[in-house]
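The next block holds one structure in the form of structure tokens; read it before the comments.
The values are calculated or read from the model by the stated rules, or taken from the named source; none is laboratory data. The shown structure was predicted, so the numbers you read here are calculated from the model rather than taken from an experiment. Glycine also receives a Cβ, built like all others from the backbone with ideal geometry; neighbour counts cover every protein chain displayed. Only protein heavy atoms, including side chains, enter the accessible area calculation; ligands, DNA and RNA are left aside. Shrake-Rupley method; radii C 1.70, N 1.55, O 1.52, S 1.80 Å.
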Amino acid sequence: MQTSQNHKISYGSGGFYVEPVQNLESYCMPSSENIDNYSSSDNSSQTTYPSVQTLEQYCTLESASTGNSFPNQNSPPALSFSSNNSPLSKLESNSYVLRPQHSLEIASGSPEDDSYLAHDLDDLTHKIRELETAMLGPNADMLDIYGTVIPEPDSFLLEAEKWKKLMEMSSRGDLKEMLYTCAEAMARNDMETTDWLVSELRKMVSISGNPIQRLGAYILESFVARMAASGSTIYKSLKCSEPTGNELLSYMHVLYEICPYFKFGYMSANGAIAEALKEESEVHIVDFQIGQGTQWVSLIQALAHRPGGPPKIRISGVDDSYSAYARGRGLDIVGKRLSAHAQSCHVPFEFNAVRVPASQVQLEDLELLPYEAVAVNFAISLHHVPDESVNSHNHRDRLLRLAKRLSPKVVTLVEQEFSTNNAPFLQRFDETMKYYLAVFESIDTVLPREHKERINVEQHCLAREVVNLIACEGEERVERHELLNKWKMRFTKAGFTPYPLSSVINSSIKDLLQSYHGHYTLEERDGALFLGWMNQVLIASCAWS
């Protein structure tokens, strides 16, 4: 039978109605070139945001069924029939169009019989389902003829809102916020946002600025190195070099002099060793990261003035690749320096060079003698030894078991007090920024911002650690700190018990801090000493037997 050409199916405001199409060429989607993409520039703060072109043309249902997409409706209302419940007549054409409409109505021509009209209604319902599938894809089941449409978020609007917030943040000039947001973007692998933030951060950081600007400069380079997977190379190239030419002090020694962190650790450890070995005539100190041997200068001097004369001292110094790289030479240079110093103090001295990293040390490398009293020193060294999260052999705990086999009179532990070992990237970044910002702030009270030595110290001794923490993963990340509570668990598991710190040494450390400017804090709790800057604890020291 003949059907009327006046058939409509409409959703409410913002909905659609279906009608026959006479000229299919006149109904089409706009080409992809008409939808503007957003763009950003590394050299400009101006950003063009995504824009969505209003689609006012009609779109054929056939084009929808072949994969073209329709713009999402902001608030699609429920679908309902017109109040007169008019039956539908047979539609002659299989082509329909979608047109915005404000109310739902089903208009018909002249129906002839109810059964045929029921068939027409089923056919039209099927067409509606096809339309739903084309528009909503896998979410088509969210649309019910008696329910509502729950739209997916408009990705263009979300993208525009994101860039708006980024621009607002940039205009505030909060460098810490920018650095953290960049780390967040890296954590979710959003390279587009990361690239833009890196370009903005370059305008805000400076190696001669305030503490956050200086630290930000090295964090920024860590981001770049992480993206380029070059963190390990940069870490190795940034070294605390030895004096050359007219230089009087190495960068590490400058850091040692201007900040109390190392002196605090060395003084507390040496005090525990001197106390434990005060009755011994021959002592053997095993240092699992000898570095430049600076720690033992003061201990040799102290033992030289011991009542009854100094003991014979033997030090086994364990080497490691980055300390050797920093020295520019092997352990021989350390042994010669300490031997010369001991001779000047009239102390019998012997140096045993252990030319392997701490994680590879074996019992026979230490050349133990039966009549020597042994002290083991882990001063800012154990966090460089990989544990079970890096290596199945768990060298960190193995080394503690090895130390227990030496039957030492005392074992000293000095470590940086923050957690980066197993922390995921974003948490590790947050810990790193808070910790090193406190260090940079403390340096700021000692050396002027334009001071050449300050720049060298921060670049060659601190930036290398920041780069390794942020840019490196897996075995390449050797900076793996743990909090003292975790170290206590490891020492207890290895069979050690706490060794009380000397009250005389604690008093000496308090006197030491009086000679430094700034807001340093010293706290003794649970048998350990904690040195901090303002509210940030930086170094923890304790002893075991």
(message) Before I look further, what does the range 401-510 give for accessible area per residue, probe 1.4 Å, in whole square angstrom?
(response) 41 Å²
(request) Taking the Cα atoms of the range 361-459, report the difference between the largest and smallest coordinate on each principal axis, in whole Å and largest first. (result) 54, 33, 19
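Set the Förster radius R0 to 41 Å, insert the Cβ-Cβ distance between His519 and Gln362 as r into 1/(1 + (r/R0)^6), and round the FRET efficiency to 0.05.
0.35
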(request) Leaving ligands, DNA and RNA out of it, report the carbon-plus-sulfur percent of the accessible area of the range 376-435 at a 1.4 Å probe. (result) 45 percent
(message) For the range 345-394 and the range 160-179, what is the centre-to-centre distance using only Cα atoms, to the nearest Å?
(response) 49 Å
(request) Please give the contour-minus-distance gain from Thr497 to Ser171: 0.36 nm per residue of separation, less the Cα-Cα distance, rounded to one decimal in nm. (result) 111.9 nm
(request) Note the full-extension length gain between Gln427 and Glu350 as 0.36 nm times their separation in residues minus their Cα-Cα distance, in nm to one decimal. (result) 23.3 nm
(message) From zero outward in steps of 10 Å, how is the percent of C-alpha pairs of the range 429-545 spread across the bins?
(response) 11, 33, 35, 19, 2
(request) Report ³J(HN,Hα) in whole Hz for each residue of the range 528-536, in order, from the Karplus equation J = 6.51 cos²θ - 1.76 cosθ + 1.60 where θ = phi - 60°; Gly and Pro get x. (result) 9, 10, 10, 9, x, 10, 6, 9, 9
(request) Bin all alpha-carbon pair distances of the range 298-419 at 10 Å intervals from 0 and give each bin's fraction as a whole percent. (result) 11, 38, 37, 12, 2
(request) Mind checking which of Val457, Ala373, Asn391 is farthest towards the positive end of the range 310-459's charge dipole, using Cβ charges of +1 (Lys, Arg) and -1 (Asp, Glu) about the Cα centre? (result) Ala373
(message) Can you give me the distance in nm between label points at Gln213 and Glu279, each placed 7 Å from the Cα along the Cα-to-Cβ direction?
(response) 6.0 nm
(message) Among the listed pairs Lys312/Lys409; Lys404/Lys488; Lys278/Lys488; Lys278/Lys404; Lys312/Lys404; Lys278/Lys510, which have their C-alpha atoms separated by more than 18 angstrom in this model?
(response) Lys278/Lys488; Lys278/Lys404; Lys312/Lys404; Lys278/Lys510
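Using +1 on the beta carbon of Lys and Arg, -1 on that of Asp and Glu, and nothing else charged, what's the dipole of the range 335-432 about the Cα centre, debye to 20?
That gives the range 335-432 a dipole magnitude of about 240 debye.
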(message) Rg/Rh for the range 389-430 to two decimals, with Rh computed the Kirkwood way over all alpha-carbon pairs.
(response) 1.10
(request) With θ set to phi - 60°, apply the Karplus curve 6.51 cos²θ - 1.76 cosθ + 1.60 along the range 188-194 and write out the HN-Hα couplings as whole Hz, x wherever there is a Gly or Pro. (result) 9, 6, 8, 6, 5, 5, 4
(request) Enumerate the amide H contacts of Trp533 below 5 Å, restricted to partners 5 or more residues apart or on another chain; note that Pro and chain-start residues carry no placed amide H. (result) Thr521, Leu538
(message) Under 5 Å between amide hydrogens, which residues at least 5 positions from Asn352 or on another chain qualify, with H placed 1.01 Å from N in the peptide plane?
(response) Ile315, Ser316, Gly317
(message) Could you tell me the calculated FRET efficiency between Lys162 and Met489, based on Cβ-Cβ distance and R0 = 35 angstrom, to the nearest 0.05?
(response) 0.25
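Ordered by packing density, taken as the mean number of other Cβ atoms within 10 Å over each peptide's residues, highest first, how do 379-385, 350-356 rank? Before the final figure, lay out each step's value.
Details: 379-385: 21.7, 350-356: 16.3.
Per-residue mean Cβ counts within 10 Å order the peptides as 379-385, 350-356.
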